[in-house]
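In what follows, a single structure is set out as structure tokens and then discussed.
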Amino acid sequence: MERIDDLQFGGLKIIQETDGFCFGIDSVILAHFAYQFIKPNKIIADLGTGNGVLSLLLAKKVNPKKIIAFEKQQNIAEMANRSVLLNKLENVIEVKNVDISDIKVEAYAEKFDVIITNPPYKKESTGINSQNDMKQIARFETTADIYKWCEISKYILKDTGSIYMCYRPERLSELFSALKKSNFEPKEIRFVHSKKDSESKLVLIRATKNGNAFLKILRPLIIYNDDGSYSDEILTYYKEDRE
């Protein structure tokens, strides 16, 4: 069963599968993290777009020239495209039903200024597998591990272009290795905590293709206050809009 949810930003609505993989706060956080750096009129690739939430938010936040959103699951890609049409953003966002492993083709070679992605963060053979196929594919590295993800990103990204992603802190060493192997230089990293006294469960990364070595560790991002309400910073994410 499907439902239409309010993204609470820019009048955006999104179609989601009630029993499928719905977007989480990590997508909202990642979109804002990227928004701080991305200049208007850029061509953006959204790798593994899922229901299209990142593309929708960036279409309103950064005034891109074009966003191409890649999604391997046909039914999810079709749903994302219906959300694009619902928001009348078809002139900005194009949804492509294709596996990330199949976009390393000449047509996309160094085509994009920016990549944004929330890649699968669990190894295929680890953890408790989801009973829902859509969730399984979104969470587990089924066809492309993080090394393949970075390799393809290098191929489609312009020189000195940036990739923005969120990942799990426990796999940071592997992520940094994959980025380095594909000639990406991490530039900013920000750890995300549910509450101020909790361990980080999410990390935000900006890396540039063929960039110089210089890494900034930004201050931690706290999602919730002690009473469970959103922190002041998170609340601003739903209010900001670029003129």
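The values are calculated or read from the model by the stated rules, or taken from the named source; none is laboratory data. Note that the structure is a prediction, hence the values are computed from the model and not measured. FYI the Cβ positions are ideal-geometry reconstructions off the backbone, even for glycines, and counts take in every protein chain you see.
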Flagged in the stretch 200-219 as over 15 Å from Tyr164 (Cβ atoms), over 19 Å from the mean Cα position of the chain (by Cα) and not aliphatic (A, V, I, L, M), in numbering order, are Asn210, Asn212, Phe214, Arg219
The residue that is surrounded by the most Cβ atoms within 10 Å (Cβ to Cβ), considering only those in the stretch 153-170 that are in contact with a strand residue (DSSP E or B) (Cβ under 8 Å, 6 or more places away or on another chain) and not in a strand (DSSP E or B), is Ser153
Of the candidates Lys216, Lys196, the one satisfying the condition of being surrounded by fewer than 15 Cβ atoms within 10 Å (Cβ to Cβ) and modelled with pLDDT under 95 is Lys196
Of the candidates Asn41, Asn91, Asn75, the one satisfying the condition of being among the polar types (S, T, N, Q) and either closer than 20 Å to Gly11 by Cβ or surrounded by 20 or more Cβ atoms within 10 Å (Cβ to Cβ) (or both) is Asn91
Of the residues in the stretch 174-204, those that are part of a loop (DSSP other than H, G, I, E, B) and of a type outside the set (S, T, N, Q) come to Lys195, Lys196, Asp197, Glu199
Of Leu56, Leu86, the only residue that is of a type outside the set (D, E, K, R) and surrounded by fewer than 21 Cβ atoms within 10 Å (Cβ to Cβ) is Leu86
Pairing a residue in the stretch 205-231 that is touching a residue at least 60 places away in the same chain (Cβ under 8 Å) and part of a strand (DSSP E or B) with any residue that is surrounded by 10 or more Cβ atoms within 10 Å (Cβ to Cβ) and aliphatic (A, V, I, L, M), where Cβ atoms lie under 7 Å and the two sit 6 or more apart in sequence or on different chains, gives Leu221/Ile29; Leu221/Val192
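Being more than 24 Å from Asp5 (Cβ to Cβ), of a type in the set (S, T, N, Q) and in contact (Cβ under 8 Å) with a residue 24 or more places away in the chain is the filter here, so list the residues in the stretch 34-65 that pass it.
Matches in the stretch 34-65: Asn41 only.
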Of the residues in the stretch 27-51 that are under 17 Å from Tyr237 (Cα atoms) and in contact with a Leu (Cβ under 6 Å, 6 or more places away or on another chain), the one that is modelled with the lowest pLDDT is Ser27
Among residues of the stretch 61-77 being of a type in the set (Val, Ile, Thr) and not in a helix (DSSP H, G or I), the residue modelled with the lowest pLDDT is Val62
